1. Restricted to the stretch 78-137, and to residues that are open to solvent by 70 Å² or more (accessible area, probe 1.4 Å), within 24 Å of residue 150 (Cα to Cα) and at pLDDT 85 or above, which residue is farthest from the chain's Cα centre (by Cα)?
2. Mind checking which residues of the stretch 144-175 are within 14 Å of the chain's Cα centre (by Cα), touching a residue at least 40 places away in the same chain (Cβ under 8 Å) and open to solvent by 40 Å² or more (accessible area, probe 1.4 Å)?
3. Out of the stretch 67-109, which residues are among the small types (Gly, Ala, Ser) and in contact with a Ser or Thr (Cβ under 9 Å, 6 or more places away or on another chain)?
4. Among the residues of the stretch 22-66, write down those that are modelled with pLDDT of 90 or more, farther than 16 Å from residue 98 by Cβ and under 18 Å from the mean Cα position of the chain (by Cα).
5. If residue 178 satisfies all but one of (1) open to solvent by 30 Å² or more (accessible area, probe 1.4 Å); (2) under 18 Å from residue 50 (Cα atoms), what's the number of the condition it fails?
Amino acid sequence: MKNKLITLLLMMASYSFAHDCQTLEAENQTLINQILERKQVVWFEPFENEFQSNQINVKLLKVVGDKKTQTVKMDVLFTNKGVNIDKMITKVKSIIQAGGDEVLLNKVIFGSKENTNSGYSGAYVKLLRDKPLKCTYIFKGVVPETKVIIAFPLSFKYHKEGTQSTQFIEDRVLFNDLLIDWK
């Protein structure tokens with residue numbers, strides 16, 4: 001009888017231990033997931049804020065958030081280092097914020113022209129050699145808790161002076177891990 005009682009107690013203890021072990025493993029996995037989520041937001045390499053694409057230099061000047069309107073404004077400077085460009089236009093659909101959510105473009109100010117449609121942004125503008133052109137992209141619906149924009153894809157196409165009007169050159173740059181300066 002004593003042996004049966006000891007065996008029963010040992011079986012109960014091993015069951016309890018196995019159950020506790022499963023609980024600890026689940027809690028451990030939850031902590032690992034939380035750490036990985038924070039890593040995506042907190043640990044990243046410094047972003048590249050300037051790219052040379054063919055003859056056009058593309059530089060991200062600033063990323064500023066407005067807490068009241070929940071908008072993020074990105075200023076980009078285009079500088080032509082080659083032949084004058086008589087038609088240029090950019091294409092921006094959205095940005096990707098931390099967590100993977102897509103935020104659509106609300107408005108773009110391309111030189112002196114403003115457009116609220118997504119797709120190709122603004123009217124065609126000239127981009128003369130060594131004369132910078134500032135472009136501002138505004139995204140609405142970014143909550144102030146968002147600290148990082150994971151991706152800002154920026155496509156553009158242009159037509160050089162002296163070439164056929166159908167000969168457009170298309171290019172793109174991608175800005176990653178952008179910190180938002182909230183005001």
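1. 134
2. Residues satisfying the conditions are 147, 150, 153.
3. Residues of the stretch 67-109 among the small types (Gly, Ala, Ser): 82, 94, 98-100.
94, 98, 99, listed by residue number.
4. Our first condition is that a residue be modelled with pLDDT of 90 or more; within the stretch 22-66, this holds for 56-66.
In the following step, the residues that additionally are farther than 16 Å from residue 98 by Cβ were identified as 56-62, 64, 66.
Once the filter is applied, which keeps residues that are modelled with pLDDT of 90 or more, farther than 16 Å from residue 98 by Cβ and under 18 Å from the mean Cα position of the chain (by Cα), the stretch 22-66 yields 58, 59, 60, 61, 62, 64, 66.
5. Among (1) open to solvent by 30 Å² or more (accessible area, probe 1.4 Å); (2) under 18 Å from residue 50 (Cα atoms), residue 178 violates only (1).
The values are calculated or read from the model by the stated rules, or taken from the named source; none is laboratory data. These figures come from a predicted structure and were not determined experimentally. All Cβ positions, even for glycine, are placed from backbone atoms using ideal geometry, and neighbour counts span all protein chains on display. The accessibility values were calculated without ligands, DNA or RNA, using every heavy atom of the protein model including side chains. Shrake-Rupley method; radii C 1.70, N 1.55, O 1.52, S 1.80 Å.
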